[in-house]
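Chemist: Take a look at this one; I'll ask things after.
The numbers here are math on the coordinates, done by the rules we state, and not lab data. What you see is a predicted model, and the numbers here were worked out from it, not measured in a lab.
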Amino acid sequence: MRKFSEHPNAERRITRILIAFLPEDVRNAVSLDLSRSGADVISPEIFAHVSDAERNLPYIKTWDMWGRRVDEVVLSNGWINLRGKAIEEG
């Protein structure tokens with residue numbers, strides 16, 4: 001299956017959706033952010049984080065090595081980095 005970004009009409013379709021749902025002043029205000037975010041999403045760095053997050057799903061660690069209850073959520077580096085990126089982007 002082809003990636004959406006490789007689809008020959010992907011950019012044209014997204015543009016048509018933005019024109020249909022956003023007023024011109026809003027489109028103009030967000031166009032640079034959308035372009036930058038789109039480039040970030042398909043970057044090798046983000047792809048590596050997503051791959052890591054999919055391979056290493058979060059889990060709950062309920063006991064430590066001494067048998068004490070800890071109830072801690074354990075996240076992979078991919079999850080942590082994607083969370084940081086989401087916070088950075090707002």
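Chemist: By its C-alpha gyration tensor, with a ≥ b ≥ c as the square roots of the eigenvalues, how is the chain shaped: rounded for a/c under 1.5, else prolate for a/b larger than b/c, else oblate?
Modeler: Note, shape of the chain comes out prolate.
Chemist: What are the semi-axes of the equivalent ellipsoid of the stretch 44-90, taken as the square roots of 5 times the eigenvalues of the Cα gyration tensor, listed largest first and rounded to whole Å?
Modeler: 27, 12, 6
Chemist: Here's something else I'd like to know. For Cα pairs less than 8 Å apart in space and 6+ apart in sequence, what is the mean separation divided by the residue count of the stretch 44-90, i.e. the relative contact order in percent?
Modeler: Relative contact order, the stretch 44-90: 40 percent.
Chemist: Pairs of Cα atoms under 8 Å, at least six residues apart: use those to get the relative contact order of the chain, whole percent.
Modeler: The value is 19 percent.
Chemist: Right, next: From the phi angles alone, apply the Karplus equation (6.51, -1.76, 1.60; θ = phi - 60°) to the stretch 25-34 and give each ³J(HN,Hα) in whole Hz, x where the residue is Gly or Pro.
Modeler: 5, 5, 4, 5, 5, 9, 4, 5, 4, 5
Chemist: Can you give the helix-only mean residue ellipticity at 222 nm for the chain, where every DSSP H stretch with n ≥ 4 adds -39500 (n - 2.57) and the sum goes over all residues, rounded to the nearest 500 deg cm²/dmol?
Modeler: Value at 222 nm, helices only, nearest 500: -19500 deg cm²/dmol.
Chemist: In degrees, nearest 10, range 0 to 90: what is the angle between the Cα axis of helix 10-21 and the longest Cα principal axis of the chain?
Modeler: 80 degrees
Chemist: Right, another one. Per residue of the stretch 56-68, in order, report the coupling 6.51 cos²θ - 1.76 cosθ + 1.60 (Karplus, θ = phi - 60°) as ³J(HN,Hα) in whole Hz, putting x for Gly and Pro.
Modeler: Listing the rounded values in order: 10, 5, x, 8, 9, 8, 8, 10, 8, 6, 9, x, 8 Hz.
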